[in-house]
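First comes the structure, then the notes that go with it.
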Amino acid sequence: MKIKHLKEVDSTNLYIKRYLDTGRDTIVTADIQTGGMGTKGRSFSSQKGGVYLTALTFYRDFPASEAFRVMAHAAVAVCRTVEKFGAEPQIKWANDVYIGRRKITGILIENIFEGGNIRASIVGIGVNVYNDLSALNGLATSLLKETGKKFSLRRVRKELIKNLQKGDTFSDYLSYVHFLGTTVRVTEGEREYLAIAEEILPDGRLQVNEGGKTRILSAAEISLKLEEGDEVL
């Protein structure tokens, strides 16, 4: 495993692609990203005070049908990391990690396919440690906000790398999912409806019950609500 740390970079996800031809598992970290990448083309705030990391992992005989394992592993690694520092994380489907109602991390995954297999994955992770989040209007949180303690970035980074190198199971992923059995508001294309979240299937799809009808969701945007209508996440 090669680990490279940079003081500043546009994006660790972009930088790590120079290692795609090496066949060697690599992690790139940075103190600051000037062009941090979020999901769906959004930017990811990456100022001093957060842990910004991308892991490039190569595989042999990893079926593309099991791609959700990459996403689940990243979310579990983040949960284990923030738990270590006294926070209580939960996963919002599919891989967003929250503390209470606020997001503490960003995870961006790009898989490289070869035939019916995944040849490699690029997993970008940003964890808010003590960075300034005032511009995000209360939508995000940090370890400092949640625990009142300012942890060393080096220490948090080391813990996250350790957890990325550990194995885990689908049961580990589910142990951090707390919204099953509650009412969720599903936005699916132009349609929005309420349903009961019943189960996350091993391939990562979400099973919900809408008025007695079972629906299986693979790419819907959801907001989670308690039965009385209070926001969970």
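Read-outs throughout are calculated quantities, based only on the coordinates presented, and are distinct from any laboratory measurement. Here the structure is a predicted model, which means the values were calculated and not measured. Here the Cβ positions follow ideal geometry from the backbone for every residue, glycine too, while neighbour counts run over all protein chains shown.
Here are the numbers for this structure:
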| quantity | calculated |
| --- | --- |
| About the Cα centre, charge dipole magnitude for segment 94-233 (Lys/Arg +1, Asp/Glu -1 at Cβ), debye | 900 debye |
| Burial ordering of Ser152, Ser121, fewest other beta-carbon atoms within 10 Å first | Ser152, Ser121 |
| For the chain: relative contact order, % (alpha-carbon pairs under 8 angstrom, 6 or more apart) | 16 percent |
| For Ile32, Ile125, order by how many other beta-carbon atoms lie within 10 Å, fewest first | Ile32, Ile125 |
| Helix-derived mean residue ellipticity, 222 nm - over the chain, DSSP H n ≥ 4, -39500 (n - 2.57), to 500 | -5000 deg cm²/dmol |
| Angle in degrees between helix 153-164 and the longest Cα principal axis of the chain, rounded to the nearest 10 | 60 degrees |
| Cα lying deepest toward the dipole's positive end in segment 118-169, options Ala135, Val156, Ile125, charges on Cβ | Val156 |
| Calculated SAXS-style log₁₀ I(q)/I(0) at q = 0.09, 0.12 Å⁻¹ - the chain, Debye, Cα scatterers | -0.38, -0.68 |
| Exposed-loop-free span, longest in the chain, where trypsin sites (Lys or Arg not before Pro) count as exposed if DSSP calls them loop and at most 15 other C-beta atoms lie within 10 Å | 167-233 |
| Candidate aspartates and glutamates - alpha carbon under 15 Å from Lys84, same-chain residues fewer than 8 apart omitted | Glu146, Glu159 |
| Angle in degrees between helix 68-84 and the longest Cα principal axis of the chain, rounded to the nearest 10 | 80 degrees |
| With at most 14 neighbouring Cβ atoms within 10 Å, loop GluC sites (Glu not before Pro) (DSSP) excluded, longest segment of the chain | 1-189 |
